[in-house]
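Presented below is the structure to which this report refers.
The values are calculated or read from the model by the stated rules, or taken from the named source; none is laboratory data. Keep in mind it's a predicted model, so treat the numbers as computed, not measured. Note that we place each Cβ from the backbone using ideal geometry, even for glycine, and neighbour counts take in every protein chain shown.
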Amino acid sequence: MVSWWMCSDAKCPVSSATKEDRRNRADIAASFQRVAVLHLEEKCERAIDWALKLEPSIKHMSLVVLLQHQYVRSRLNNIVVNKNLRLVCPPPSLCTDNGVMVAWTGLEHFRVGRFDPPPPAIEPDDFVYDLRPRWPLGEEYAQGRSEARSMKTARVHPSLTSIIRADSLQQQTQT
């Protein structure tokens, strides 16, 4: 199978992409990963702050989603350590199946009595399922919401290439 990548205004196989095209592609992927992890860090930190406000005796935090990814795990572990907590995670091999996560969420809702009765054996034509893109496990933490900002300036991060260049220049001036 040949992977395709846009280069020089035409489609060409990745194997024939220039070094600059490959660098740009890697930079885009790394920058996306960096911003996605920053988003997870922010959400996780807000959740921890809220949990500690409700229950100050919390000492452990358990995370499963995405923790097979070592970079994500290490970044989230830094947040947990800064809050004087201990991160408890299952083995990475058990963190791979979203179906298990959805089933577990359903089980948690069932355990607290948050479920609808099963549909009738013969469904009427106008029967409607209540589908939810998000399924909250508890009350909403309004204080944890950030103010809406302009999309033009909200969370604008420098490119990974510029960070690496600045870091290498700083190291060169120190030596």
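Of all residues assigned to region 24-32, at least one qualifies as being modelled with pLDDT of 85 or more and closer than 14 Å to VAL72 by Cβ. Tallying residues that are modelled with pLDDT of 85 or more, outside any helix (DSSP H, G or I) and among the small types (Gly, Ala, Ser) within region 49-108 yields 1.
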